[in-house]
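Let me begin by presenting the structure, written as structure tokens, before commenting on it.
The values are calculated or read from the model by the stated rules, or taken from the named source; none is laboratory data. Everything numeric here is computed off the predicted structure, so don't read it as measured data. Cβ coordinates were reconstructed from backbone atoms using ideal geometry, including for glycine residues, and neighbour counts include every protein chain displayed. To get the accessible areas, we keep the full protein, side chains included, count just its heavy atoms, and leave off ligands, DNA and RNA. Shrake-Rupley method; radii C 1.70, N 1.55, O 1.52, S 1.80 Å.
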Amino acid sequence: QVQLVESGGGLAQAGGSLRLDCAASGRSFSTYDMAWFRQAPGKERAFVAAINWDSGTYYDDSVKGRFTISRDNAKNMLYLRMNSLNPDDTAVYHCAATRLRSRSTYSESRYSYWGQGTQVTVSS
């Protein structure tokens, strides 16, 4: 089992940058596939980016080229570097973890463990 705690959210101006951190507790962090999802007001939670246990990465088209997902297995940490932010990036961002390999990387149903979320607000 793994517990996840996000940090690093806040207020940014359009065009600015933020980095989100996700601290994982528990054993065998390196064996988990990790992801970031976000939920904007009035919308369903949506996939942002993922990084697998073997460091393969995946991005939603809306963030490709602007966001970078990474992990540090020695520190049990997951990161999301967000550049060129725009107001459409405003949402609560959640990190998620799974050891299931059989479902789509992009589907929230694949992920067994979730953090409580961190708010990102981008002003125009």
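So which residues in region 1-31 are assigned to a loop (DSSP other than H, G, I, E, B) and either at pLDDT below 95 or touching an Asp or Glu at 6+ places or on another chain (Cβ under 6 Å) (or both), if there are any at all?
Here is the first cut: in region 1-31, the residues assigned to a loop (DSSP other than H, G, I, E, B) are 1, 8-9, 14-17, 27-28.
Matches in region 1-31: Gln1, Gly8, Gly9, Arg27, Ser28.
Tallying residues that are in contact with a Phe, Trp or Tyr (Cβ under 7 Å, 6 or more places away or on another chain) and open to solvent by 60 Å² or more (accessible area, probe 1.4 Å) within region 4-37 yields 1.
Looking at Trp114 and the list (1) open to solvent by 20 Å² or more (accessible area, probe 1.4 Å); (2) at positive phi; (3) in contact with a His (Cβ under 7 Å, 6 or more places away or on another chain); (4) not basic (Lys, Arg), which single condition is not satisfied? Of (1) open to solvent by 20 Å² or more (accessible area, probe 1.4 Å); (2) at positive phi; (3) in contact with a His (Cβ under 7 Å, 6 or more places away or on another chain); (4) not basic (Lys, Arg), only one is false for Trp114: (2).
I'm trying to understand the selection: among the residues of region 93-116, which are under 21 Å from Gln3 (Cβ atoms) and in a loop (DSSP other than H, G, I, E, B)?
Initial filter on region 93-116 (under 21 Å from Gln3 (Cβ atoms)): 93-100, 108-116.
Across region 93-116, the qualifying residues are Arg99, Leu100, Tyr111, Ser112, Gly115, Gln116.
All of (1) hydrophobic (A, V, I, L, M, F, W, C); (2) touching a helix residue (DSSP H, G or I) at 6+ places or on another chain (Cβ under 8 Å); (3) open to solvent by less than 40 Å² (accessible area, probe 1.4 Å) hold for Ile51 with one exception: (2). In the set (1) under 16 Å from Val92 (Cβ atoms); (2) without any contact (Cβ under 8 Å) to a residue 40 or more places away in the chain; (3) surrounded by 15 or more Cβ atoms within 10 Å (Cβ to Cβ), the condition left unmet by Gly42 is number (3). Whether any residue in region 100-108 is in contact with a helix residue (DSSP H, G or I) (Cβ under 7 Å, 6 or more places away or on another chain), surrounded by fewer than 21 Cβ atoms within 10 Å (Cβ to Cβ) and among the hydroxyl-bearing types (Ser, Thr, Tyr) is what I want to check. Scanning region 100-108 turns up at least one residue that is in contact with a helix residue (DSSP H, G or I) (Cβ under 7 Å, 6 or more places away or on another chain), surrounded by fewer than 21 Cβ atoms within 10 Å (Cβ to Cβ) and among the hydroxyl-bearing types (Ser, Thr, Tyr).
Assess whether Tyr79 counts as being open to solvent by less than 50 Å² (accessible area, probe 1.4 Å), modelled with pLDDT of 95 or more and under 10 Å from the mean Cα position of the chain (by Cα). Please lay out each step first, then the result.
Working: open to solvent by less than 50 Å² (accessible area, probe 1.4 Å): yes; modelled with pLDDT of 95 or more: yes; under 10 Å from the mean Cα position of the chain (by Cα): yes.
Yes, satisfied.
Restricting the first member to region 8-26 and to residues that are within 15 Å of Leu80 (Cα to Cα) and of a type in the set (S, T, N, Q), and the second to residues that are open to solvent by less than 30 Å² (accessible area, probe 1.4 Å) and in a loop (DSSP other than H, G, I, E, B), the beta-carbon pairs closer than 9 Å and six or more apart or on different chains are Ser17/Leu85. Would you confirm whether any residue within region 55-74 is modelled with pLDDT under 95, open to solvent by 40 Å² or more (accessible area, probe 1.4 Å) and assigned to a loop (DSSP other than H, G, I, E, B)? Checking region 55-74: at least one residue is modelled with pLDDT under 95, open to solvent by 40 Å² or more (accessible area, probe 1.4 Å) and assigned to a loop (DSSP other than H, G, I, E, B). The set of residues from region 54-69 being in contact (Cβ under 8 Å) with a residue 24 or more places away in the chain and over 13 Å from the mean Cα position of the chain (by Cα) comprises just one member, Ser62.
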